[in-house]
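Okay, structure first, notes after.
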Amino acid sequence: MNMQSRDNAPANTADVSRITGGRRMRRNRRSDWSRRMVREARLSANDLIWPIFLTEGANVREPVASMPGVERFSIDVAVKNAAEAAELGIPAIALFPNTPPGLRDEVGSESLNPKNLVCQACRAIKEAVPDIGIITDVALDPYTSHGHDGVMAGARILNDETVARLVEQALVQVEAGADIIAPSDMMDGRIGAIREALEDAGLLDIQVMAYTAKYASAFYGPFRDAIATNATLIGDKRTYQMDPANGAEALMEAELDIAEGADMIMVKPGMPYLDIIWRLKDAFSMPTFAYQVSGEYAMIQGAAQNGWIDGDRAMVESLLAFRRAGADGVLTYFAPRVARMLKDGLI
Ligand code: PBG
């Protein structure tokens, strides 16, 4: 196109009204009020679950280098943050411990210690902030010397032996005040075994959030820095976490978890697996959650820090996408930041 024709534009007018029969999709997008009026998915603080990393000590906030903006909290600091989260309307937090190296062993014994970091945090948060839900992670990896989620025999992860320990771990956490048990280990049968143990103990009101479709993902890297398992992890987790190529298999996993007594299901990671969220929500109508994992967070933050993308907009867009895909809520490290923006009317 030369200068002249641009200056004289429009030289030609296409007869769009005839072509589309008068349908013009842009009408509803014309102004902010109209876009708000026809908006399908919405975000509220109620949709957010905040994963928090715990560390030993008092008054400690340790930045996690690969997750800019995320810190590990000592229990006293975690309590303050839980109070702030409740204030912001965030319904629940999820606790993950950075276990001191000296307390890690082959079978993850520290997971059963009623005074471990997670249990102490549960008690402290329950007492100080009774109105926030506490989700605890059931898995052995923060406690094992090899960084795997189960007990090992040579290079193998033993399923049934691991499940027996996970059941005990879940009971210890409930005893400490956990409201929702969230097994992230991907052993077969663990949801049913935990549900049965809860029932046997008369713990009829404890919710179970199953990590139903948890994939063997490269996007967990920064999380493994946060709980210090990257350095020690031997091999990978492909014999228990799902193959990223599989979708139908997620439906089978969900069917089992639901039959075994899950109250809610989850897909993890989030953004590369929006199709799985949609399929599970569509097939089972269960409360369905997405975990926007550490690598997803790091990608957005890293690009934003370099000035390559607008971090706030990318954050909000990514979270809205989960809602649009059918997720009832999202575990996200952005939770307090988004909740604050929502409260300030910025979203
Ligand atoms: C392990 C666990 C992982 C995450 C939560 N629980 C990582 C893994 O499977 O190695 C990842 C969360 C994240 O990346 O934000 N039980």
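The values are calculated or read from the model by the stated rules, or taken from the named source; none is laboratory data. In this text the structure is predicted, and so the values were computed from the model without any measurement. Methodologically, a virtual Cβ is constructed for each residue, glycine included, from the backbone with ideal geometry; neighbour enumeration extends over all protein chains shown. Quick note on the areas: whole protein, heavy atoms, side chains included, nothing else; ligands and nucleic acids left out. Shrake-Rupley method; radii C 1.70, N 1.55, O 1.52, S 1.80 Å.
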Whole-Hz couplings from phi, Karplus 6.51/-1.76/1.60, listed for the range 107-121; x for Gly and Pro: 10, x, 3, 4, 4, 9, 7, x, 10, 5, 3, 5, 5, 4, 5
Nearest 500 deg cm²/dmol is fine: what mean residue ellipticity at 222 nm does the chain get from its DSSP H runs of n ≥ 4 alone, each adding -39,500 (n - 2.57), divided by its residue count? -11500 deg cm²/dmol
Rounded if a/c under 1.5, otherwise prolate or oblate - the range 44-343, Cα gyration tensor axes: rounded
In order through the range 78-89: 3J(HN,Hα) via Karplus (6.51 cos²θ - 1.76 cosθ + 1.60), integer Hz, x for Gly, Pro: 4, 4, 4, 5, 5, 5, 5, 4, 4, 4, 7, x
For LEU54, residues with placed amide H under 5 Å, excluding near neighbours: PHE73, PHE96, ASN98
Just to be sure I understand the model, the point goes 7 Å from the Cα along the line to the Cβ. What's the resulting ALA283 to GLU199 distance in nm? 2.3 nm
Rounded to whole Hz and in sequence order, give me ³J(HN,Hα) for the range 265-271 from the Karplus expression 6.51 cos²θ - 1.76 cosθ + 1.60, θ = phi - 60°, writing x for Gly and Pro. 10, 9, 10, 8, x, x, 4
For ASP131 and ASN59, FRET efficiency with R0 = 25 Å and r from the beta-carbon atoms, rounded to 0.05? 0.55
Out of residues 5 or more away from VAL138 or on other chains, whose amide H comes under 5 Å of its own, with H placed 1.01 Å from N in the peptide plane? ALA182, SER184
Helix 274-284: angle to the longest alpha-carbon principal axis of the chain, degrees 0 to 90, nearest 10? 70 degrees
Using 0.36 nm per residue of separation minus the Cα-Cα distance, give me the extension gain between THR232 and MET25 in nm, one decimal. 69.1 nm
Modelling each spin label as a point 7 Å along the Cα-to-Cβ direction, I'd like the ARG324/ASP32 distance in nm, to one decimal. 2.1 nm
Area of TRP278 that stays accessible when all protein chains are in place (1.4 Å probe, Å², to 10): 140 Å²
Given a Förster radius of 30 Å and the C-beta distance between SER109 and MET299 as r, what FRET efficiency does 1/(1 + (r/R0)^6) yield to the nearest 0.05? 0.25
Please work out the C-alpha center-to-center distance from the range 75-93 to the range 264-287 and express it in whole Å. 26 Å
